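The values are calculated or read from the model by the stated rules, or taken from the named source; none is laboratory data. Model, not experiment: these values are computed from the prediction. Virtual Cβ from ideal backbone geometry, glycine too; neighbours counted across all protein chains shown. We work out accessible area using only protein heavy atoms, side chains counted, and drop any ligands, DNA or RNA first. Shrake-Rupley method; radii C 1.70, N 1.55, O 1.52, S 1.80 Å.
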Amino acid sequence: MTISAYIIAFNEVEKISDCINSVLWADEIIVADSHSTDGTTELALELGAKVIHIPFNGYGDLRNQAISHCNGDWILSIDSDERCTKDVRDEIIKLVANAPLDIYRVRRKNF
């Protein structure tokens, strides 16, 4: 089973590196960018992410369009100001490999 991680972003040059680095374990990383002007897309490309440009017409539309670009069997949705911890990574990998699930929700910790 393969995992795609998509990250929604707009002018997040100061946060995108940490976010991408937290999901480097995924088979595919896509940054769904709403036409950033601060270097977010260039940095994401340098870090190995695939960048797609999507005009912002609401979060639902943005997420649905991002999903349409994902090729993995499973999709992790993450915002540019969020991070995937090693514990969550390990849990996701274990679940995908062993559980007959269609969807899984991850608990969040806000700081």
Find the residue count for region 1-23, including only residues that are among the hydrophobic types (A, V, I, L, M, F, W, C), in contact with a strand residue (DSSP E or B) (Cβ under 9 Å, 6 or more places away or on another chain) and open to solvent by 20 Å² or more (accessible area, probe 1.4 Å).
-> 2
Criterion: aliphatic (A, V, I, L, M), touching a Ser or Thr at 6+ places or on another chain (Cβ under 7 Å) and in contact (Cβ under 8 Å) with a residue 60 or more places away in the chain - qualifying residue of Ala66, Ala9, Ala5, Ala26 | Ala9
